[in-house]
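Only one structure is covered here, and it is reproduced in the block below.
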Amino acid sequence: MNACDYQSFADTWERRATIRTRPRRTLENDDKLIYPLSRQPLVLSDTFQRECPQQRDFVLVQTLYKFINDVVIFETEIVDKTARNIAKQRFAVPFPFACRYDAMTVVIDEDYHALVAMDFMQQTIALTGIEPIALPTQIELSRAIPAAVAGVPEPLRDAVELICVAIAEHTVTNDVAAFAKDTTVKQSIKHLMADHLLDEGRHSGFWSRLVRIYWQGASEADRAQIARVLPVFIGQYLTHEIHAAFDIHLIEQLEIGASIKHALKQEVGALTYPVGRRHPLITNILRLFTNSSMLDSACVRHALADYLP
Ligand SMILES: [Fe+2]
Ligand SMILES: [Fe+2]
């Protein structure tokens, strides 16, 4: 596919975008969980279940706040920025008007997702009376994208940013799907996640088509330079340093003795995912490389050797 073959999804957006079709979701006051247990292993640990099971809901509410905070950072600081630059033709990679129009719908969707997330933050504080503890000001991508961009010469930096955002937009789907299936979680939270997932299905296709257009027009020399920074990006993106630091901070806030805090920190410290081909997000990441045709290039396969099956 080249830029001339690009088909806009504007009609689909008019019919299906959640900002066009979904009602405001209201958090219900019932006995269901506010966050899936499977997404916060701290509460499933032996020490937690033995020593402070009554603090489970506090931990789940704080983890929801962290999740919401991450969504707001991702949408407004990462995806919005790149999509807006494409829409406004401020991007080093030129795209036709149809791409730029679709990029503007992505800006609208992402800012709306951030608004909905902030709405749930407010509703949760009102319902539970629990104020958020100090939340991180960055997500892993806030560091991983600049690190990858810094590894190529100036003319290739926007292309690297595009590829990084496209990778990230292929992985949110997994995150959100885990919520949508869980029957122990509040219906409104599941609706929130399902709404988000609906828009993200459209986005992942958008980003992989843009990367494909760029990649097909890139020289072998440019491709080789970009391929070299891909492992830098993936390695930093898949670390859970910020999340682990949040869990430690959260444990500090629990009303338990110092020795139990110490034991909980040890248990969550042992939980981190391996950065390698067994990481659960690798399948999604490889899907972008396949759909965009990047994996057809030997330099990309070589750079990603550690992650390929
Ligand atoms: Fe989103
Ligand atoms: Fe998105």
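The values are calculated or read from the model by the stated rules, or taken from the named source; none is laboratory data. As the structure is a computational prediction, the values presented were derived from the model and not from experiment. All Cβ positions, even for glycine, are placed from backbone atoms using ideal geometry, and neighbour counts span all protein chains on display. Just the protein is used for accessible areas: all its heavy atoms, side chains included, with ligands, DNA and RNA removed. Shrake-Rupley method; radii C 1.70, N 1.55, O 1.52, S 1.80 Å.
Answer yes or no: is there a residue in region 251-260 that is open to solvent by 40 Å² or more (accessible area, probe 1.4 Å), of a type in the set (A, V, I, L, M) and in a helix (DSSP H, G or I).
yes
Residue pairs, Cβ under 8 Å, 6 or more apart or interchain, first in region 196-207 and hydroxyl-bearing (Ser, Thr, Tyr), second within 8 Å of ligand 2 (Cβ to nearest atom) and modelled with pLDDT of 95 or more. List them.
Matching pairs, first to second residue: 204/169.
Against the definition (away from ligand 1 (no atom under 16 Å from the Cβ), surrounded by fewer than 16 Cβ atoms within 10 Å (Cβ to Cβ), hydrophobic (A, V, I, L, M, F, W, C) and at pLDDT 95 or above), how does residue 150 come out, yes or no?
For residue 150, the condition - away from ligand 1 (no atom under 16 Å from the Cβ), surrounded by fewer than 16 Cβ atoms within 10 Å (Cβ to Cβ), hydrophobic (A, V, I, L, M, F, W, C) and at pLDDT 95 or above - is met.
Which condition number does residue 89 fail, the rest of (1) of a type in the set (S, T, N, Q); (2) surrounded by fewer than 16 Cβ atoms within 10 Å (Cβ to Cβ); (3) in contact (Cβ under 8 Å) with a residue 12 or more places away in the chain being met?
With (1) of a type in the set (S, T, N, Q); (2) surrounded by fewer than 16 Cβ atoms within 10 Å (Cβ to Cβ); (3) in contact (Cβ under 8 Å) with a residue 12 or more places away in the chain applied to residue 89, the lone miss is (3).
Out of all the residues in region 137-176, which are over 18 Å from residue 238 (Cβ atoms), part of a helix (DSSP H, G or I) and among the small types (Gly, Ala, Ser)?
Across region 137-176, the qualifying residue is only 159.
Residues to consider are 37, 27, 44, 33; find the one that is without any contact (Cβ under 8 Å) to a residue 24 or more places away in the chain, out of contact with any Phe, Trp or Tyr (no Cβ under 6 Å at 6 or more places or on another chain) and hydrophobic (A, V, I, L, M, F, W, C). Can you show your working first?
Details: 37 fails: without any contact (Cβ under 8 Å) to a residue 24 or more places away in the chain; 27 fails: without any contact (Cβ under 8 Å) to a residue 24 or more places away in the chain; 33 fails: without any contact (Cβ under 8 Å) to a residue 24 or more places away in the chain.
Residue meeting the stated conditions: 44.
Quick check on my filter: what residues within region 14-54 are in a helix (DSSP H, G or I) and open to solvent by less than 20 Å² (accessible area, probe 1.4 Å)? Lay out the reasoning, then the answer.
Looking only at region 14-54, we keep the residues that are in a helix (DSSP H, G or I), and these are 14-16, 18-21, 37-39, 41-44, 46-51, 53-54.
Within region 14-54, 18, 42, 43, 47, 48 meet the criteria.
Is one or more of the residues making up region 58-77 open to solvent by 80 Å² or more (accessible area, probe 1.4 Å) and within 13 Å of ligand 1 (Cβ to nearest atom)? Even if it seems obvious, please write down each step before you answer.
Filtering region 58-77 down to residues open to solvent by 80 Å² or more (accessible area, probe 1.4 Å) leaves 77.
Within this subset, residues satisfying the condition of being within 13 Å of ligand 1 (Cβ to nearest atom) are 77.
The answer is yes, given that some residue of region 58-77 is open to solvent by 80 Å² or more (accessible area, probe 1.4 Å) and within 13 Å of ligand 1 (Cβ to nearest atom).
Name the one entry in 213, 139, 167, 145 that is more than 16 Å from ligand 2 (Cβ to nearest atom) and not small (Gly, Ala, Ser). It would help to see each step written out before you state the result.
Values: 139 fails: more than 16 Å from ligand 2 (Cβ to nearest atom); 167 fails: more than 16 Å from ligand 2 (Cβ to nearest atom); 145 fails: more than 16 Å from ligand 2 (Cβ to nearest atom).
Within the list 213, 139, 167, 145, the selection yields 213.
Of the residues in region 261-287, how many are open to solvent by less than 30 Å² (accessible area, probe 1.4 Å), among the hydrophobic types (A, V, I, L, M, F, W, C) and part of a loop (DSSP other than H, G, I, E, B)?
Here the count works out to 0.
Condition (residue is within 16 Å of the chain's Cα centre (by Cα), within 16 Å of ligand 2 (Cβ to nearest atom), closer than 30 Å to residue 261 by Cβ and of a type in the set (Phe, Trp, Tyr)) applied to region 107-115: is it met by at least one residue?
no
Quick check, is residue 69 modelled with pLDDT of 95 or more, in a helix (DSSP H, G or I), farther than 17 Å from residue 165 by Cα and away from ligand 2 (no atom under 11 Å from the Cβ)?
On the way: modelled with pLDDT of 95 or more: yes; in a helix (DSSP H, G or I): yes; farther than 17 Å from residue 165 by Cα: yes; away from ligand 2 (no atom under 11 Å from the Cβ): yes.
So residue 69 passes the test.
Using the structure shown, decide if residue 189 is away from ligand 2 (no atom under 14 Å from the Cβ), crowded, with 18+ Cβ neighbours inside 10 Å, more than 23 Å from residue 32 (Cα to Cα) and in contact (Cβ under 8 Å) with a residue 12 or more places away in the chain.
Numbers: away from ligand 2 (no atom under 14 Å from the Cβ): yes; crowded, with 18+ Cβ neighbours inside 10 Å: yes; more than 23 Å from residue 32 (Cα to Cα): no; in contact (Cβ under 8 Å) with a residue 12 or more places away in the chain: yes.
Taking the combined requirement at face value, the residue does not satisfy it.
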